[in-house]
Amino acid sequence: MKLWEIGLELDAIGMVISDQGGELTPELEERLDKMEGEFEDKAERIALLIQTKRVEAQAAKSERDRLAKIAKAAENTADSLKDYLRFYMERQEKEKVETARVKLRVRNASQPSITWKGEDGSWPEQFTRIQTSLDKKAVLEAWKSSSESSEDRRVPEGFDIHFTRYLDIR
């Protein structure tokens with residue numbers, strides 16, 4: 001396989017992976033394995049494909065964020081107009097309005113809104129919710145402080161500490 005053919009094959013594999021939701025199947029791994037050429041050339045082409053897909057992902061995220069802002073603005077506009085319409089109906093002492101195209105009703109919520117009139121945290125203890133979660137930073141610090149030497153460090157009982165390996169592409 002010529003060097004330029006490797007690029008075409010990688011592009012084709014990249015398209016199939018994208019079409020499959022990003023999953024690298026065993027069949028596609030086999031296609032990658034069968035590609036001929038120098039290891040460095042093949043690795044470089046795969047790394048360039050990775051970088052291209054990262055750029056595509058960032059562009060899609062930027063578009064998602066842009067569309068999310070448009071959606072949020074539309075939702076805020078609808079909420080503001082709904083609040084205005086409710087206020088206007090209440091001022092006119094109208095509980096309902098019916099036209100050929102819409103039916104409006106001013107109603108009470110199914111659950112009341114609850115607020116505390118005092119200082120935050122000064123409510124009776126019976127109304128306090130306590131939540132706990134694992135403090136991973138404390139576990140990491142205990143592990144680090146168990147020894148100066150990274151080889152002699154002891155993992156706190158009941159925990160597993162491991163380093164995830166990753167590929168750095170620059």
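The values are calculated or read from the model by the stated rules, or taken from the named source; none is laboratory data. In this text the structure is predicted, and so the values were computed from the model without any measurement. Cβ coordinates were reconstructed from backbone atoms using ideal geometry, including for glycine residues, and neighbour counts include every protein chain displayed. When the accessible area is computed, the model is the full protein with side chains, heavy atoms only, and any ligands, DNA or RNA have been set aside. Shrake-Rupley method; radii C 1.70, N 1.55, O 1.52, S 1.80 Å.
Net charge in the neighbourhood of W143 (other residues with Cβ under 10 Å of its Cβ; Lys, Arg +1, Asp, Glu -1) is +2. The apolar share of the surface of the chain, taken as the fraction of accessible area on carbon and sulfur atoms (1.4 Å probe, ligands and nucleic acids excluded), comes to 52 percent. Here the relative contact order of the chain, from alpha carbon pairs under 8 Å that lie six or more residues apart, stands at 11 percent. Between [x] 334; [y] 213; [z] 124, which entry matches volume of the Cα convex hull per residue in Å³ as derived from the coordinates of this structure? Given [x] 334; [y] 213; [z] 124, the calculated one carries the label [x].
Between L8 and E29, the modelled labels are 2.8 nm apart [label points 7 Å from Cα along Cα→Cβ]. Angle of helix 39-91 to the longest C-alpha principal axis of the chain, folded into 0 to 90 degrees and rounded to 10: 0°. In the chain, the DSSP-assigned H stretches of four residues or longer account for a calculated mean residue ellipticity at 222 nm of -18500 deg cm²/dmol, using -39500 (n - 2.57) per stretch and the full residue count as denominator. Of the GluC sites (Glu not before Pro) in the range 19-52, the ones in a loop by DSSP (not H, G, I, E or B) with at most 13 other beta carbons within 10 Å are E23, E36, E38. Which of these, Q111, Q92, Q126, has the largest mean-square fluctuation under a Gaussian network model of the chain (Cα springs below 10 Å)? Comparing Q111, Q92, Q126 in the GNM, the peak value goes to Q126. Residues considered: L67, L134, L24. Largest GNM mean-square fluctuation over the chain, using C-alpha springs under 10 Å, is found at L134.
When exposed loop sites are taken as chymotrypsin sites (Phe, Trp or Tyr not before Pro) in a DSSP loop with at most 14 other Cβ atoms within 10 Å, the longest stretch of the chain clear of them is 1-115. Computed from point charges on the beta carbon alone (+1 for Lys and Arg, -1 for Asp and Glu), the dipole magnitude for the range 37-170 about its Cα centre is near 1060 Debye.
Remark: the range 18-170 carries 97 Å² of accessible area per residue (probe radius 1.4 Å; ligands, DNA and RNA excluded).
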